[in-house]
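Peer 1: Okay, handing you the structure first.
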Amino acid sequence: MKLRKYSIPWNSIRFKLILGLFAVMIPLISLLIYDNFYAIKVIHNQVAESNKNMISLYMSQIDKELENTDTYLSRLALTDDNFKLMSYTNNEDDYYLAQFRLSKRISEDVLMSKNTDSVFIYNAKRDSLIEGFNEGSTFAEREKVRDYIRNTLKSNSGAPTKGWSVKKIDKEYYLFRILKVDNVYVGAWISAKKILIPLKLINLGENGASMLITDSGEPMITSKLINDEKIDLNHDLQNYYLTGKNNNYLTVGEKSAKGDFKLIALIPNEEILEKLPFLQRVAAFIAVGAVLLLPICLIFLRNVLLVPLKRILKAMKRIHEGNLDFRIERYNTSDEFIMVNETFNKMIDQIHDLRISVYEEQLSKQKMELQHLQLQVNPHFFLNSLNIIYSLAQTKKYELIQEMTLSLVKYFRYMFRSNMELVFLKEELQHVKNYIHIQKLRFPNSLTYEIEAEENLLEVQVPPLVVQNFVENSVKYGVTLDESIHISVKVINYVYQQKQFMKIIISDTGRGFPDDILQELRAGHRLASNEGKHIGVWNVQRRLELLYGQEASIKFFNNENSKGAFVEILLPVKQID
C-alpha cells in the first residue's frame, strides 16, 4: 500500500484560522501553566530549604554525639593507666586487675551517653573482651555484636579503625568506632535504630519518612516505602531532588562529617502541594478549561467555515485534475456559501461546454499536424535513390534496377499510406529492412544489420517511421565508401512501476554523436536547421509527444566500450485513443 504524502497548507484560510486561535490560546495557557509550575517550584524550594535546615541540625547533633564518643575513646586509650597496663603487662594478676577496673569504668561512663549502646575493650592477643552497655539493647543483640567484634578483631579482617563506619550484622545496621593501641582495641557501637528515634518526631506527613542510609544509598532501616515507590537514594545531597515512580517524593539530606552514612528525609508531594494558594488552583482550573474549550472552538470553526471551504477546494481540485463532471452537492450551510456553490456549479457547466468545443478543435489540429509530420519525405533520400537507378541504368544492371524499383515502391507505399497514425511493430521493422536493403544497393559491402524483437511485441501498434528515422541517421552519418558500419535494432519487454513498456534499442558502430549535438538532444532542444538537418529526430519527438504525452521517452548515448551511437526509445504497450 502506497503511503499518501501529506503537506501542510501554509497559505490556506483553515491553517491561518487555526494558527490564529492557537496563537491567542497557547500563550495564555502557557502563562497559566508556567505560573502554576513556578509556584510549585517555589514551594518545593521553601519546603526543601526548611527540611534541609532541620536535617542538618539533626545531623549536627548526631555528629556531635559521635565526636564526644570519639574523644572519650581517644582519652581512654591515651591517658588511662589501666588501659596501658592491660596493653603491655605479662603479669596475670595485674592484667585481670586492670581489666576489672576498666570494665567498671566503661560501664559507668557509657551511661553518660544516651545514644551509645556499648563501649568495649578487646585484647586480641588474649582474646579477652570487656564491655559496658547502655539501656535499650537486648541480650540477643549484644551477643551477635559481641561475636562480630571477636571474629573481626581477632583476625584483624575488615576492622574499621578510621572514623565511624557502618556495618550490617544479621540484617541490622550499626555504627562502629574502633581505635587500636598495640594489640588492644577500644571502641563503641551504636544501633541505627537508636539514632533514628528522635527523627520520628519530625512531621513529614502520613507517607513521609526519615532514615539513615549508607554512602552507597542503602537504607539502614527496612522500609516498604523504598521498594513500593522505587525511591532512588543515590543522588548528590547538595540540592533537593524529586524521586519515586512519578517523581512524587521530594528528597533532602545531609552527609555525616564523622562517618560513612547520610541522613535523609522523604516528603510526599501531596503534603507539599496541599499548601498551594487557592489562586494557583484556580489558575490550573482555568488552564484545563481552556485546553478543553479549544477543541470545541475548533469543531465550531470547522463546521461553520472550514467544511464548506473544504468542499469548494475539493471541487476545485477535481476540476483542476480535469474532471469537469464534478459538482458541489447541495447541503445545509450559510447563505453566503450556498450562493458561492451555486455560482461555482453554473460556471463549471459553462466551462465544460466551452472545453468540449476547444478540445474537438485541438484534436482536429493535432491530427492534421500528425499527418503533416508523417508525410514529410527526406528529399536527399529521394534524389539519391533516383541517382542510384540512373547509375544502374547506365551500367545496364536491369535486375538491380528492378530490385531497386520494387524496394522503392514498397518504401513509398508505406510512406504514403492513408492511415499512418499507428502501424504494427512487425510492419515498421519490415519497412526498416526494406530501407536498409535500398541503402545496401547504394553502399555495397559497407553495411550490415540485425533486427530482433520479442514475439509478443510484433502485434503491438507503434507510430510509423519511429525506428526508420534513427536507422536513416545511422546510415547518413556513419556509412561511407571507405568505412562500413553495423546497425542493430532490438525490441524487448520492459516493466516500470507495474506498467508494461517496450524498449527499442538502436545502435551502430559509426562515429557516434558529436558532443555538442548529444548535449542538445539530451536537453530536448530542436535541432532542425534551415537546410532541414536533424528534422527527423524532432519529427519523432513531436509525434511521440502528441500520441503518448509524458509516458514515452527517447534517450541518446555514445557507446562507452565501442564507438557508435546508441538510442533508447521507451513506448507504453497500450491502445491509443
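The values are calculated or read from the model by the stated rules, or taken from the named source; none is laboratory data. Keep in mind that what you see is a predicted model, and the values were worked out from it rather than measured. Counting neighbours? That spans all protein chains shown, and the Cβs are built from the backbone with ideal geometry, glycine included. Heavy atoms of the whole protein, side chains included, go into the accessibility calculation; ligands, DNA and RNA do not. Shrake-Rupley method; radii C 1.70, N 1.55, O 1.52, S 1.80 Å.
Peer 1: From 459, 455, 472, grab the single residue that is touching a residue at least 24 places away in the same chain (Cβ under 8 Å), exposed (fewer than 15 other Cβ atoms within 10 Å of the Cβ) and not aliphatic (A, V, I, L, M).
Peer 2: Checking each option against the conditions leaves just 459.
Peer 1: So, in the stretch 63-82, exactly how many residues are touching a strand residue (DSSP E or B) at 6+ places or on another chain (Cβ under 7 Å) and not acidic (Asp, Glu)?
Peer 2: 6
Peer 1: Out of (1) within 16 Å of residue 385 (Cα to Cα); (2) surrounded by 14 or more Cβ atoms within 10 Å (Cβ to Cβ); (3) modelled with pLDDT of 80 or more, the odd one out for residue 409 is which?
Peer 2: Tallying (1) within 16 Å of residue 385 (Cα to Cα); (2) surrounded by 14 or more Cβ atoms within 10 Å (Cβ to Cβ); (3) modelled with pLDDT of 80 or more, residue 409 fails exactly one: (2).
Peer 1: Does residue 482 satisfy the condition of being part of a loop (DSSP other than H, G, I, E, B) and surrounded by fewer than 16 Cβ atoms within 10 Å (Cβ to Cβ)?
Peer 2: It is true that residue 482 is part of a loop (DSSP other than H, G, I, E, B) and surrounded by fewer than 16 Cβ atoms within 10 Å (Cβ to Cβ).
Peer 1: Quick one: residue 332 ticks every box in (1) open to solvent by less than 100 Å² (accessible area, probe 1.4 Å); (2) of a type outside the set (A, V, I, L, M); (3) closer than 28 Å to residue 19 by Cα except a single one, so which number is it?
Peer 2: Only one criterion is unmet by residue 332, namely (1).
Peer 1: Just to be sure before I move on: is residue 37 over 30 Å from residue 251 (Cα atoms), aromatic (Phe, Trp, Tyr) and modelled with pLDDT of 70 or more in the structure I sent? If you could, list the steps in order and put the result at the bottom.
Peer 2: Details: over 30 Å from residue 251 (Cα atoms): no; aromatic (Phe, Trp, Tyr): yes; modelled with pLDDT of 70 or more: yes.
For residue 37, the condition - over 30 Å from residue 251 (Cα atoms), aromatic (Phe, Trp, Tyr) and modelled with pLDDT of 70 or more - is not met.
Peer 1: May I ask you to list pairs of residues, at least six apart or on different chains, whose Cβ atoms are under 6 Å apart, with the first in the stretch 490-516 being under 14 Å from residue 479 (Cα atoms) and the second being charged (D, E, K, R)?
Peer 2: 512/563
Peer 1: Name, by its number, the condition in (1) at pLDDT 85 or above; (2) open to solvent by 50 Å² or more (accessible area, probe 1.4 Å); (3) within 60 Å of the chain's Cα centre (by Cα); (4) not hydrophobic (A, V, I, L, M, F, W, C) that does not hold for residue 158.
Peer 2: Only one criterion in (1) at pLDDT 85 or above; (2) open to solvent by 50 Å² or more (accessible area, probe 1.4 Å); (3) within 60 Å of the chain's Cα centre (by Cα); (4) not hydrophobic (A, V, I, L, M, F, W, C) is unmet by residue 158, namely (1).
Peer 1: Looking at 495, 489, which is the one that is open to solvent by 70 Å² or more (accessible area, probe 1.4 Å), in a strand (DSSP E or B), hydrophobic (A, V, I, L, M, F, W, C) and farther than 30 Å from residue 395 by Cβ?
Peer 2: On the way: 489 fails: open to solvent by 70 Å² or more (accessible area, probe 1.4 Å).
Unique residue meeting the criteria: 495.
Peer 1: Regarding the stretch 265-282, can at least one residue be identified that is modelled with pLDDT of 70 or more and in contact with a His (Cβ under 7 Å, 6 or more places away or on another chain)?
Peer 2: yes
Peer 1: Do the conditions hold for residue 210, that is, is it surrounded by fewer than 15 Cβ atoms within 10 Å (Cβ to Cβ) and within 53 Å of the chain's Cα centre (by Cα)?
Peer 2: no
Peer 1: Here is a further query. Of the residues that sit in the stretch 244-257 and are within 13 Å of residue 44 (Cβ to Cβ) and surrounded by fewer than 20 Cβ atoms within 10 Å (Cβ to Cβ), which one is farthest from the chain's Cα centre (by Cα)?
Peer 2: 248
Peer 1: Let me ask something else about it. Consider residue 123 carefully, then state whether it is open to solvent by less than 30 Å² (accessible area, probe 1.4 Å) and either more than 25 Å from residue 198 (Cβ to Cβ) or free of Cβ contacts under 8 Å to residues at least 40 places away in the same chain (or both). If you could, list the steps in order and put the result at the bottom.
Peer 2: Values: open to solvent by less than 30 Å² (accessible area, probe 1.4 Å): yes; either more than 25 Å from residue 198 (Cβ to Cβ) or free of Cβ contacts under 8 Å to residues at least 40 places away in the same chain (or both): yes.
In short, yes.
Peer 1: Is there any pair linking a residue in the stretch 284-306 that is touching a residue at least 60 places away in the same chain (Cβ under 8 Å) to one that is open to solvent by 60 Å² or more (accessible area, probe 1.4 Å) and of a type outside the set (A, V, I, L, M, F, W, C), with Cβ under 7 Å and at least six apart or on different chains, and which?
Peer 2: Between residues of the stretch 284-306 that are touching a residue at least 60 places away in the same chain (Cβ under 8 Å) and residues that are open to solvent by 60 Å² or more (accessible area, probe 1.4 Å) and of a type outside the set (A, V, I, L, M, F, W, C), the close pairs are 306/14.
Peer 1: If you don't mind, there's one more thing I want to ask. Can you report the number of residues in the stretch 296-305 which are farther than 11 Å from residue 337 by Cα and in contact with a Lys or Arg (Cβ under 9 Å, 6 or more places away or on another chain)?
Peer 2: 2
Peer 1: For the stretch 104-120, enumerate the residues that are crowded, with 18+ Cβ neighbours inside 10 Å and out of contact with any helix residue (DSSP H, G or I) (no Cβ under 7 Å at 6 or more places or on another chain). Working first, answer last.
Peer 2: Going through the stretch 104-120, the residues crowded, with 18+ Cβ neighbours inside 10 Å turn out to be 105-106, 110, 115-120.
Within the stretch 104-120, 105, 106, 110 qualify.
Peer 1: While we're on this one: Out of all the residues in the stretch 48-61, is one or more at pLDDT 85 or above and touching a Pro at 6+ places or on another chain (Cβ under 9 Å)?
Peer 2: yes
Peer 1: Further question: Select from the stretch 310-322 the residues that are modelled with pLDDT of 75 or more and open to solvent by less than 90 Å² (accessible area, probe 1.4 Å) and write down the one among them that is farthest from residue 546 (Cα to Cα).
Peer 2: 312
Peer 1: What pairs can you find where one residue is in the stretch 35-55 and farther than 19 Å from residue 237 by Cβ, the other is among the aliphatic types (A, V, I, L, M) and not in a helix (DSSP H, G or I), and their Cβ atoms are less than 7 Å apart, with a gap of 6+ or different chains?
Peer 2: So the pair list comes out as 39/276; 43/276.
Peer 1: Within the group 132, 187, 136, which residue is within 25 Å of residue 63 (Cα to Cα), open to solvent by 50 Å² or more (accessible area, probe 1.4 Å) and over 60 Å from the mean Cα position of the chain (by Cα)?
Peer 2: Residue meeting the stated conditions: 136.
Peer 1: Kindly establish whether residue 517 is part of a strand (DSSP E or B) and open to solvent by less than 80 Å² (accessible area, probe 1.4 Å).
Peer 2: So residue 517 fails the test.
Peer 1: For residue 427, only one of the following conditions fails: (1) farther than 24 Å from residue 555 by Cβ; (2) charged (D, E, K, R); (3) modelled with pLDDT under 85. What is its number?
Peer 2: For residue 427, the exception is condition (3).
Peer 1: Let me ask something additional. Could you grab me the full set of residues in the stretch 60-106 that are of a type outside the set (Asp, Glu) and part of a loop (DSSP other than H, G, I, E, B)?
Peer 2: Result: 89, 90, 91.
Peer 1: Considering only residues of the stretch 376-406 that are exposed (fewer than 14 other Cβ atoms within 10 Å of the Cβ) and aliphatic (A, V, I, L, M), which is modelled with the highest pLDDT?
Peer 2: The selected residue is 406.
Peer 1: For the stretch 107-129: of the residues being over 20 Å from residue 91 (Cβ atoms) and among the small types (Gly, Ala, Ser), which is farthest from the chain's Cα centre (by Cα)?
Peer 2: Selected residue: 107.
Peer 1: Which ones in the stretch 413-441 are part of a helix (DSSP H, G or I) and without any contact (Cβ under 8 Å) to a residue 12 or more places away in the chain?
Peer 2: Selection gives 413, 430, 440.
Peer 1: Here are the criteria: (1) touching a Phe, Trp or Tyr at 6+ places or on another chain (Cβ under 7 Å); (2) over 21 Å from residue 134 (Cβ atoms). Tell me which single one residue 117 does not satisfy.
Peer 2: (2)
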